[in-house]
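Just below is one structure, and these are the notes that go with it.
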């Protein structure tokens, strides 16, 4: 058994951005980002250090309190010193906003900025960059959000809280600086923005780039489309397991000679102390496991299997543990001619092994269940079974096209159109008096939450209390559940927002100013597992936030204005909206 390092299909950089990001001016318009909000410093691939660049401050978009940088990067050489990707500022003047270096020897990204108490504030983000491989890079910085974020290939890999960011008027140097080593490699599509790009906009930029490349290079990647006779799409829409676990008879599947592939999307909702079955074609009693995929007990690490002549349970441990409530693109391939089993996650090969004398079988294909191990609990979609071995390019294309199609279908959900009515429940709109009309909403009446939620409403407090005041709580103290929850503190009515985490069921922060009596406030509470963040807004302003990890959602009722333990709210509320924020489709 042998495991490979993570690799990816290498695509050339795009010649020019052809899909523009939506405008920030309004959620409900169709405009693109204003040209005044960014400068594309160069588009085509440029070799460094031959063409290293210095851009004067007055040629860049005027920055107030937010900025973003996006680029494609291809590293050809590590260095014994730190490598400069970009740097706006001067070490001698204690200015580094924004800046990105790669660490000495191993080229791990180090995004930096200058703040009031640290002129060289940085984080070490993500994995070391490999040589001779294209990466999509995004750096964002925001004083209103008090946050620096760093993305690689559309995924958030590092972030830190920031206060009192110091911007500067020095030139922007790309690929060089006065102190550290020059970058050696290529960059393309280098954009400098005076706005903070959202996670959705960054992911869209990454996906749009690759889908444009695939469109231009379709003939280079695939000579012709896959024959429909070579696969069966067993289901396409999101399907819940174990409610709809499936068994497909052998004669309903494409006829396999000596190769096969399986592709699908998967969202795991629960780990298990036993093995979890994703799919298996075969039976233990008959010593047949071709193909099969299980997740390991407790941590859900992928374990692809097949049966060979001398080992009916040939297995590899591939990639990282799967996180809960997160969609993954999965691909499994098996080939006698290639003597190879491969496993891909999100378009990248993360495990493979050489195989000889593969034993195929005529047993049914079971999806999400087996006779011996635990059922899968979560969702799957786009489940395809092929009688050919998909290439790395075809798998990467499937991953990219799936997401680009999703972006096309949901383009409005990013920022252009209004929020989808399916993403929220308006519990009441007119002013409602409490505690006379306190409310309890059952879990099954609320929108289905995967890994993000928001609550927004108007509030008018008429009386303080010697005890805590309940605004809303979903959960029970006896069950150690408080996601989401908002109370006001005794006597002074300062907001306290809560959620339950794996290691702290009553995690909370005290935010903003005390609420005054007989005054209307607009309140917003947001919680996100992908962003690892809980935020609280009053009258449209962010007044408090905290990092969160391993959020525990629950199926208890939502109580508004009352709870079993604390005082009832006395006053009025209106326009209470509970909104589901889906990963890659969140709305700000």
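The values are calculated or read from the model by the stated rules, or taken from the named source; none is laboratory data. Owing to the predicted nature of the structure, the values given are computational and were not obtained by experimental measurement. Neighbour counts run over all protein chains shown; Cβ positions are idealised from the backbone, glycine included.
For residue 454, state whether it is in contact with a strand residue (DSSP E or B) (Cβ under 6 Å, 6 or more places away or on another chain), closer than 19 Å to residue 440 by Cα and either surrounded by 15 or more Cβ atoms within 10 Å (Cβ to Cβ) or in the same structural domain as residue 440 (by TED's automatic domain parsing) (or both). For residue 454, the condition - in contact with a strand residue (DSSP E or B) (Cβ under 6 Å, 6 or more places away or on another chain), closer than 19 Å to residue 440 by Cα and either surrounded by 15 or more Cβ atoms within 10 Å (Cβ to Cβ) or in the same structural domain as residue 440 (by TED's automatic domain parsing) (or both) - is met. The strands (runs of 3 or more DSSP E) falling completely within the range 350-458 that include 2 or more residues that are at pLDDT below 90 map to 424-428, 432-434. When each of 252, 259 is tested for being within 21 Å of residue 345 (Cα to Cα) and touching a strand residue (DSSP E or B) at 6+ places or on another chain (Cβ under 9 Å), the lone residue that passes is 259. Every condition in (1) in contact with a helix residue (DSSP H, G or I) (Cβ under 9 Å, 6 or more places away or on another chain); (2) over 18 Å from residue 159 (Cβ atoms); (3) outside any loop (DSSP other than H, G, I, E, B) is met by residue 61 except one, and the failing one is (3). Are any residues in the range 477-503 loosely packed, with under 15 Cβ neighbours inside 10 Å and within 20 Å of residue 533 (Cβ to Cβ), and if so, which ones? Passing the criteria: 502, 503. With respect to (1) more than 24 Å from residue 238 (Cα to Cα); (2) buried (at least 19 other Cβ atoms within 10 Å of the Cβ); (3) under 31 Å from the mean Cα position of the chain (by Cα), the lone exception for residue 314 is condition (3). Is it the case, given these coordinates, that residue 103 is surrounded by fewer than 19 Cβ atoms within 10 Å (Cβ to Cβ) and either outside the structural domain of residue 197 (by TED's automatic domain parsing) or within 17 Å of residue 152 (Cβ to Cβ) (or both)? Answer is yes for this residue. Taken over the range 519-536, the residue count meeting the criterion of being surrounded by 17 or more Cβ atoms within 10 Å (Cβ to Cβ), in a strand (DSSP E or B) and touching a residue at least 40 places away in the same chain (Cβ under 8 Å) is 7.
So which residues in the range 537-551 are surrounded by fewer than 18 Cβ atoms within 10 Å (Cβ to Cβ) and either part of a loop (DSSP other than H, G, I, E, B) or more than 26 Å from the chain's Cα centre (by Cα) (or both), if there are any at all? Matches in the range 537-551: 539, 540, 549, 550.
Test residue 169 against the stated conditions and say whether it is within 19 Å of residue 531 (Cβ to Cβ) and modelled with pLDDT of 90 or more. No: the conditions fail for residue 169.
For residue 331, are the conditions met, namely being under 25 Å from residue 391 (Cα atoms), surrounded by 15 or more Cβ atoms within 10 Å (Cβ to Cβ), touching a helix residue (DSSP H, G or I) at 6+ places or on another chain (Cβ under 6 Å) and not assigned by TED's automatic domain parsing to the domain that holds residue 530? Spelling it out, residue 331 is indeed under 25 Å from residue 391 (Cα atoms), surrounded by 15 or more Cβ atoms within 10 Å (Cβ to Cβ), touching a helix residue (DSSP H, G or I) at 6+ places or on another chain (Cβ under 6 Å) and not assigned by TED's automatic domain parsing to the domain that holds residue 530. Only residues that are in a strand (DSSP E or B) and over 18 Å from residue 536 (Cβ atoms) were counted across the range 142-158, and they come to 9. Residues that are in contact with a strand residue (DSSP E or B) (Cβ under 7 Å, 6 or more places away or on another chain), part of a strand (DSSP E or B) and within 22 Å of residue 67 (Cβ to Cβ) within the range 118-141 comprise 120, 121, 122, 135, 136, 137, 138, 139, 140, 141, listed in sequence order. Just wondering, is there one or more residues in the range 263-280 that are out of contact with any helix residue (DSSP H, G or I) (no Cβ under 6 Å at 6 or more places or on another chain) and modelled with pLDDT under 90? The answer is no, given that none of the residues of the range 263-280 is out of contact with any helix residue (DSSP H, G or I) (no Cβ under 6 Å at 6 or more places or on another chain) and modelled with pLDDT under 90. Looking at 504, 508, 451, can you tell me which residue is free of Cβ contacts under 8 Å to residues at least 12 places away in the same chain, under 26 Å from the mean Cα position of the chain (by Cα) and within 26 Å of residue 548 (Cα to Cα)? The unique qualifying residue is 504. For the range 506-518, filtered to residues that are at pLDDT 90 or above and within 16 Å of residue 463 (Cα to Cα), the residue that is surrounded by the fewest Cβ atoms within 10 Å (Cβ to Cβ) is 516. What tally of residues in the range 200-231 results from selecting those that are within 29 Å of the chain's Cα centre (by Cα) and at pLDDT 75 or above? Summing the residues that are within 29 Å of the chain's Cα centre (by Cα) and at pLDDT 75 or above in the range 200-231 gives 8.
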